[in-house]
Amino acid sequence: MIPAEADYRRAVELLRSGELVAFPTETVYGLGADAANAEAVARIFAAKGRPADHPLIVHVSGDNAVDRWAAQVPGFAWELMEAFWPGPLTLILKKQAWVPSTVTGGQDTVGLRVPGHPVALELLRRFAADGGPGGIAAPSANRFGHISPTTADHVREELGDRVPMILDGGPCAVGIESTIVDCSRRVPVILRPGHISAAHLGAVTGIQPQLPAAAGTPRVSGSLEAHYAPQTPMRMVAAERLLEFLDAQRHRGGRCGVVGHSQPPPAGMPHLWRLLAADPVAYAHDLYATLREIDHAGVDLIVVEAPPDRPDWTAVADRLRRAAAGSGGA
């Protein structure tokens, strides 16, 4: 789906006047504002109900914009940009002094990304055409802590008239948020897992990325223990216990919405059942839309078959763990 010329013009006009525009990326839909305009950025927090000390990711049209926003860029960061941008990778870098603290959450770092979606890239290119910094700050276009949106309809459902315009670019191709890598120190540190794995990163830089240490780690989007959550309580259950757990719920009179990946529903199972792919990439693509569907189905509990304990499932497992914690059903 490609927006009309008039849609792009209106979106740019709104952004330049300090208003919000929701737009598609390959990961999820973002709620965008002019990242150089502190008052516009504040509207993002108000629309989402997001705490003001949570940093935002600045989306730019290409790596040629990085030096406008970042003060120090190590060599391995440039290697990652060359390999993965445009794409689902956010880099945390030391910020230029002028970058508004509303964007960075008061930190000395800024998150930058070039999204791999043609609608997002066209919007960013047009927005930067007047010679300004050109960055669009954009967290996921949903209320704070809720399931991230992967279609324009999800954004309408979440935000309604809180966002003046939604650029509809169709369903998101990846379906979960970007990998976030801290490049503000001597070695890369993965702060949020995503579609681009530690193995991918290490293969490019020759440096094995580390996991974050508690002290001195920048705060980043989507790093709260409770996040991406449905309103219905949600539990993760090991595959070998799944049918036993569901049978117990049935005997208690509860109706569950089940998200499985290893087996179809048994005959006579009274619960709502959605079978996702046993491949982590395809599973991630469908995850948020499936959780949102089941959340609206009137069930008492969402039960998710726990993903395999393998590196390629790390990002999915991260989102499911946070969603269960955020729903109060963990």
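General observations
- Derived scalar couplings between HN and Hα for segment 3-15 equal x, 6, 3, 5, 5, 4, 4, 5, 4, 5, 4, 5, 4 Hz in order, rounded to whole Hz, by the Karplus curve 6.51 cos²θ - 1.76 cosθ + 1.60 (θ = phi - 60°), x for Gly and Pro.
- The chain: radius of gyration over Cα atoms, expressed as a fraction of 2.2 N^0.38 Å: 1.00
- Computed log₁₀ I(q)/I(0) - Debye formula, equal Cα scatterers, no solvent, segment 1-155, q 0.12, 0.16, 0.18 Å⁻¹: -0.45, -0.83, -1.07
- With the largest listed first and rounded to whole Å, the semi-axes of the equivalent ellipsoid of segment 1-85 from the Cα gyration tensor are 24, 18, 13.
- Entry note, the chain: the mean residue ellipticity at 222 nm calculated from DSSP H runs of n ≥ 4, each adding -39500 (n - 2.57), is -9500 deg cm²/dmol after division by the residues and rounding to the nearest 500.
- Proximal charge balance of ARG274 [Cβ under 13 Å; K/R count +1, D/E count -1]: -3
- Segment 199-330 - convex hull of the alpha-carbon atoms, volume per residue in Å³: 126
- Convex hull of alpha carbon positions in segment 155-243: directionally averaged projected area 10.1 nm².
- Shape category assigned to segment 117-194 from the gyration tensor of Cα positions, a/c cut at 1.5: oblate
- Rg and Dmax of segment 75-164, Cα atoms only, in Å: 14.9, 43
- With Cα atoms as the point set, segment 228-305 shows a radius of gyration and Dmax of 11.8, 35 Å.
Here, each number is a calculation from the coordinates, and none is a lab measurement. Everything numeric in this text was worked out from a predicted model, so none of it was measured. Cβ: placed from backbone, ideal geometry, glycine included. Neighbour counts: every protein chain shown.
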